[in-house]
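Chemist: Before I ask anything, let me first share the structure, which is written out below as structure tokens.
Nothing in this text is a laboratory measurement; each read-out follows from the coordinates by a stated rule. Bear in mind the structure is a predicted one, so any value in this text is a computation, not a measurement. Please note: Cβ atoms are built from the backbone with ideal geometry, for glycine as well, and neighbour counts cover all protein chains shown.
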Amino acid sequence: MNNPGLSARKAGIFRLLSSRSPNRKATDYWPRTTGFFKMKKKFTYDYPRPAVTVDVVIVTREKEPRVLLIRRKHPPFAGMWAIPGGFVDMEETLEAAARRELFEETGVRTSRLQQLHTFGDPGRDPRGRVISVVYLAQVDPGKLKPVAADDAAEVAWHGLSHPPPLAFDHAHILACARKRLKKPLTK
């Protein structure tokens, strides 16, 4: 049986895809990977939407591992230690956001990141509903020169087993990282 509605829908999507101009930027379309919805169109929803953040747990390859933490410059939790991270921009992948935030706050780049866990308890951030995708990397600390920047007032290495009091739910995140590090990281 031929469905004329389905054929019309396919033709409409084909027109959208084939009309994509090479002069338009990738950010003119949403989602970026599919490329046929323009971002200029405003969408509204009848339900609230959470914000998405990324955090990066950087741990040293040492007998007594250390973790790289930042001292927060701005509220909430100004002055407290935290895992480097921040909000995901609309046009970037989660891993790209993690790499960007890590570099912006610490000046550190790492070649290998592995997704550790997703944290989304409703009360984890006083600014509102925030879901964080956390990445993990093991590094040689002698090859890094962390420098505080962006919204980090300070950056320093701390013992992974006994970190200072942490902002948000970052103590829980580090507990998850310690548990994960008991198993070798996959390549």
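Chemist: If you wrap the range 51-181's Cα atoms in a convex hull and average its projection over all directions, what's the area in nm²?
Modeler: On the way: hull surface 28.6 nm².
For the Cα atoms of the range 51-181, the hull's average projected area reads 7.1 nm².
Chemist: Return the sequence-ordered ³J(HN,Hα) values of the range 72-85 in whole Hz as given by the Karplus equation 6.51 cos²θ - 1.76 cosθ + 1.60 applied to θ = phi - 60°, using x for Gly and Pro.
Modeler: The phi angles translate into 5, 8, 10, x, x, 6, 4, x, 8, 7, 8, 6, x, x Hz.
Chemist: Provide the gained length on full extension for the span Leu94 to Ala153, in nm with one decimal, where the gain is 0.36 nm per separating residue minus the Cα-Cα distance. It would help to have the intermediate numbers written out before the result.
Modeler: Values: separation 59, 0.36 × 59 = 21.24 nm, distance 2.43 nm.
Stretched fully, the Leu94-Ala153 segment lengthens by 18.8 nm.
Chemist: Take Arg127 and Asp140, extend 7 Å from each Cα along the Cα→Cβ direction, and tell me the distance between the two endpoints in nm.
Modeler: 3.6 nm
Chemist: List the residues whose amide H sits under 5 Å from the amide H of Asp125, counting only those 5 or more places along or on another chain, with H placed 1.01 Å from N in the peptide plane.
Modeler: Under 5 Å from the amide H of Asp125: Val130.
Chemist: If you don't mind, there's one more thing I want to ask. Of Thr93, Thr53, Thr60, Thr44, how do they rank once you tally other Cβ atoms within 10 Å and put the fewest first?
Modeler: Thr44, Thr93, Thr60, Thr53
Chemist: Given R₀ = 30 Å, what would the calculated FRET efficiency be for His74 paired with Gln115, taking r from the Cβ atoms and rounding to 0.05? Walk me through the intermediate numbers first.
Modeler: On the way: r = 27 Å, r/R0 = 0.88.
About 0.70, to the nearest 0.05.
Chemist: Going by C-beta contacts inside 10 Å, put Val108, Val57 in order with the fewest on the left.
Modeler: Working: Val108 20, Val57 28.
Fewest-to-most ranking of Val108, Val57: Val108, Val57.
Chemist: Per residue Cα convex hull volume for the range 101-153, in cubic angstrom?
Modeler: Here the figure is 96 Å³ per residue.
Chemist: Go through Lys73/Lys143; Lys63/Lys179; Lys143/Lys179; Lys63/Lys143; Lys145/Lys183; Lys73/Lys179 and tell me which ones have a Cα-Cα distance over 23 Å in this structure.
Modeler: Numbers: Lys73/Lys143 26 Å; Lys63/Lys179 16 Å; Lys143/Lys179 25 Å; Lys63/Lys143 17 Å; Lys145/Lys183 27 Å; Lys73/Lys179 29 Å.
Over 23 Å Cα-Cα: Lys73/Lys143; Lys143/Lys179; Lys145/Lys183; Lys73/Lys179.
Chemist: Figure the gain on full extension for Ala51 and His172 (residue separation times 0.36 nm, minus the Cα-Cα span) and round it to one decimal in nm.
Modeler: Details: separation 121, 0.36 × 121 = 43.56 nm, distance 1.96 nm.
Taking 0.36 nm per residue and subtracting the Cα distance, the gain is 41.6 nm.
Chemist: Under a point spin-label approximation (7 Å from Cα along Cα-to-Cβ), what is the Lys63-Lys182 distance to one decimal in nm?
Modeler: 2.2 nm
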